[in-house]
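Handing you this structure, nothing more for now.
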Amino acid sequence: MATKASTKANRKTRRATNDKERQNVKTSTAAKSATDALQLLEEDHRKVEELFDEYDEMSGDDQRRGELADQICRELTVHAQIEEEIFYPRAREATKDNELIDEAIVEHASVKHLIKEIEEIEPGEELFDARIRVLEEMVKRHIQEEEEELFPELTAAGMDIDAVGEELARRKQELMAELPE
């Protein structure tokens, strides 16, 4: 049986490899003329889920936990913005499903409020971990609703996911470049 330290080291190595692979995929995806909107959003979803998982595995290292929390907040902020600016308006046009889109927008408002609270305190302070856990629960539920309800509706409605994907990819790249590391 592997020790806890070796297990953590293996996970860290695996994540570093996955990060490099993901960066290579992003670079090659950005070079393509068409990007599937649903694929791009699902990749964002997987990335933030991995960050939450890594945060959940951390204990005692407030600096690293703070870095992970910052990265989670950055990823979610950009993701929410591209969905609100581009994806949700196009989804609303394609599906005419105002209820599902309205719920997603309200969920985003709650997520953004919690992100603001997290950014105002430091790891180790009272309720920091609780805020991260609640954010994780909210985001995972939101992801499930999008992927199981909204995405199939968009596919059935015939939304041009490639054209929307190109817009999302361009805007995401702009927003990520504007954010501090």
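Read-outs throughout are calculated quantities, based only on the coordinates presented, and are distinct from any laboratory measurement. Here the structure is a predicted model, which is why all the values come from computation and not from measurement. Glycine gets a Cβ as well: all are built from the backbone with ideal geometry, and neighbour counts include every protein chain shown.
Under 16 Å from the 7 Å Cα→Cβ point of Glu103, by amide nitrogen: which residues of the stretch 132-155?
Only 138-154 fall inside the zone, counting backbone N under 16 Å.
Compute the length gained on full extension between Ala156 and Glu67: take 0.36 nm times their separation in residues and subtract their Cα-Cα distance, giving the result in nm to one decimal. It would help to have the intermediate numbers written out before the result.
Numbers: separation 89, 0.36 × 89 = 32.04 nm, distance 3.96 nm.
Length gained, Ala156 through Glu67: 28.1 nm.
If you don't mind, there's one more thing I want to ask. Can you sort Leu150, Leu41 by how many other beta carbons sit within 10 Å, fewest first? List each step's numbers first, then the result.
On the way: Leu150 21, Leu41 24.
Least to most surrounded, the residues fall as Leu150, Leu41.
Considering the alpha-carbon set of the stretch 58-171 alone, what are its Rg and its Dmax in angstrom?
16.0, 49
Taking θ = phi - 60°, what integer Hz values does the Karplus form 6.51 cos²θ - 1.76 cosθ + 1.60 yield along the stretch 130-140, in sequence order, with x for Gly and Pro?
4, 5, 5, 5, 5, 4, 4, 4, 4, 5, 5
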